[in-house]
Amino acid sequence: MFIPCDRGGCSAAPDFKGFTLLMPAVSVGNVGQLAIDLVISTLGMTKVGYFYTDCLVPMVGNNPYATAEENSVELSINAEVYSLPSKKLVVLQIRSPFIKNKYRPFCETLLSWVKSSKCARVVLLSSSHAYQRDDEQLLGTPLRYLLTPDLEKAVGARVKELNWKEMEKVAAYPGINDTDKVLHIPGGGITKLLFTESCSEGIQMAVLLKFCSEGDNIPDAFVLVNYLNEWLQLIKSEVSTSNNSTDPSSQWKIPSSWRLLFGNGLPPALF
Amino acid sequence: MATFFGEVVVAPSRAGLDEEEEAREETPEDREIRREIEKKRYRQRGEIREREIQVLWSCAEESLVCSRFIVAIGRNAAAFLSSFILDSVCWEVIGVVKLWNEWCRTSSSTNVLPTDSFCLFYRLISDPTVLLCQCSCYVAEDQQFQWLEKVFGSMQKKGLQVTILSTCPVADYKTQESTLTLVSPFLKALKTKEFQEQVCCPLLEQPNIVRDLPAA
């Protein structure tokens, strides 16, 4: 599945032992994917390979993180892997939806790659339909987290310090029986499957998600990536001297591919 | 998309966008029903299972040696090849792809009309390592990978250079100015870093992307 890039003649597979794998779920508003774009673009991560898979709709374009003429001509496809060894971080970006009936094989192959490459833990960025929230969820923070039992042991205390809210379970049979509770992440794509599989396979996985709706999801992406940053500290949040508050939003670099998200320029003849 | 009477009809797509459908667990009865339906479809179609594609070569060699492969995807690109490149003197038909999906069906016949959906392979008689493919049919998302593996799997690549010709609507092109004032048609290209030759037109700028079989 994973094909390393041929960089400078060295085609040996990069070593991800002990790294944190950060990846998105293709979910409502594509918030996870937008947040990953911000991480890759801001940290200037290097592409180290891609996934050769028949599970995702094919697409190709030029470098979405191009900053100049010279680096704009590298081809980019639907599932690529970037790495930053100094932070022991490996990032997977997924750029297209799953082909029908192929999301399960993808999850299986992905988790077996996680195990074989000996990643220490997986952080999954996702989102869920805001309209499916219950009365209590409508109030307070729209951000939630989930930890597999193995990761709970390692970072549970840190997460409590951060005062994060765990994703609530819902009644399996609402109205009939409120005692059986299940995890329900509407609009979350493969989030629930990956999480439940990781729990049963002993993989350390954290899910960070935001309740949102389809629309301009750039602000949602910023909120989610700042949430991630509270824990992983990927960039330093500088204290703003003017209002004495920490607002790291301005320190995330928007990639050049986010241009024209809502259409082209208008024809002058319209006016 | 809206039909004549105004109701919204979801366009058929093989992308797994509806997770609820996929999340539904299959009971043993559902599995049995699905198996029976698939068996019935197989019998009705006779030749091929619904989502499988077949690549049929007319030449006897086990694998074709190929140094140049030109693929024209879509009706416009296929018509370009028919008008300017192909003729029965220099090129011979050596293969065909047989497939079925919700949009089109191709047959194993090589005698096709320009309005048919087809996918044919040609070989240059004077240099048999030059192959050409005219693919005017739509290859669905879950068939694209298969198409690739089966076509390229039949080739012995000898310093292979692949050129893909395709068209997209101007309205899909993302640019700062309005597409109304854009002079069209125009050419854009994508190339791998291994392609060292001069490209005859500007490269495709972000945020534009290419989809479907050309992307695959």
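A cut-off of 5 Å between modelled amide H atoms, ignoring neighbours fewer than 5 places along the same chain, links B:Q161 with B:R68, B:F69. From the backbone phi of the stretch A:165-175, what are the Karplus-calculated ³J(HN,Hα) couplings (6.51 cos²θ - 1.76 cosθ + 1.60, θ = phi - 60°) in whole Hz, Gly and Pro given as x? So the Karplus estimates, Gly and Pro as x, are 10, 7, 5, 6, 8, 10, 5, 5, 10, x, x Hz. In loop segments of the stretch A:1-108 as defined by DSSP, the chymotrypsin sites (Phe, Trp or Tyr not before Pro) with at most 12 further C-beta atoms inside 10 Å of their C-beta are A:Y52.
Quick one: grab the alpha carbon gyration tensor of chain A, order the square roots of its eigenvalues as a ≥ b ≥ c, and give me rounded if a/c is under 1.5, else prolate or oblate depending on whether a/b is larger than b/c.
Working: a/c = 1.38, a/b = 1.17, b/c = 1.18.
Rounded, since a/c falls under 1.5.
Mind putting a number on the dipole of the stretch B:54-166 about its Cα centre? Charges go on the C-beta only, +1 for Lys and Arg and -1 for Asp and Glu, and I need it in Debye to the nearest 20.
On the way: 8 positive and 10 negative charges, 28 e Å.
It comes to approximately 140 debye.
State to the nearest 20 debye the size of the charge dipole of the protein assembly as shown about its Cα centre, where the only charges are +1 on K and R beta carbons and -1 on D and E beta carbons. All intermediate terms of the calculation are to be shown ahead of the outcome.
Values: 50 positive and 59 negative charges, 191 e Å.
It comes to approximately 920 debye.
Calculated mean residue ellipticity at 222 nm for the protein assembly as shown: -7500 deg cm²/dmol, from DSSP H runs with n ≥ 4 weighted as -39500 (n - 2.57), summed, divided by the residue count and rounded to 500. Once you sort the root eigenvalues of the Cα gyration tensor of the stretch A:54-157 as a ≥ b ≥ c, which label holds: rounded (a/c under 1.5), prolate (a/b larger than b/c) or oblate (the other case)? Here the stretch A:54-157 falls in the prolate category. Once you reduce the stretch B:156-216 and the stretch B:78-130 to the center of their Cα atoms, the two points are 23 Å from each other.
Taking amide H as placed 1.01 Å from N in the peptide plane, A:I203 has no amide H partner under 5 Å among residues 5 or more places away or on another chain.
Structure note, pairs A:K192/A:K253; A:K17/A:K115; A:K169/A:K210; A:K47/A:K88; A:K88/A:K165: Cα-Cα distances above 18 angstrom occur for A:K192/A:K253; A:K88/A:K165.
Charging the Cβ of each Asp and Glu at -1 and of each Lys and Arg at +1, and nothing else, the dipole of chain A about its Cα centre rounds to 520 debye.
Working from the pairwise distances between different alpha carbons, so that the mean of 1/r is found and then inverted, what is the protein assembly as shown's Kirkwood radius in Å?
Details: mean 1/r = 0.0394 Å⁻¹.
The Cα-based Kirkwood calculation yields 25.4 Å.
A convex hull fitted around the alpha carbon atoms of the stretch B:54-166 yields 100 Å³ per residue.
Taking square-rooted eigenvalues a ≥ b ≥ c of the alpha carbon gyration tensor, is the stretch A:142-271 rounded, prolate or oblate, where a/c under 1.5 means rounded and, failing that, a/b exceeding b/c means prolate?
Values: a/c = 2.33, a/b = 1.42, b/c = 1.64.
It comes out oblate by the Cα gyration axes.
Shielding of peptide B:178-185 by partners, expressed as the average count of other chain Cβ atoms within 10 Å per residue Cβ, is 3. Amide H neighbours of A:I99 under 5 Å, at least 5 residues apart or on other chains, H built in the peptide plane: list them. Correct list: A:L56, A:V57, B:G16.
Among A:M23, A:M59, rank each residue by its count of other Cβ atoms within 10 Å, from fewest to most, as a rough exposure measure. Mind showing how you got there, number by number?
Working: A:M23 22, A:M59 18.
Starting with the residue having the fewest Cβ neighbours, the order is A:M59, A:M23.
Taken one residue at a time, the phi angles of the stretch A:99-109 give Karplus couplings (6.51, -1.76, 1.60, θ = phi - 60°) of 7, 3, 6, 10, 6, 5, x, 5, 4, 4, 5 Hz. Gly and Pro are set to x.
Values in this text are rule-based calculations from the coordinates and carry no lab data. Predicted model, so just to flag it, every value in this text is computed and none were measured. Note that each Cβ is placed from the backbone with ideal geometry, even for glycine, and that neighbours are counted across all protein chains shown.
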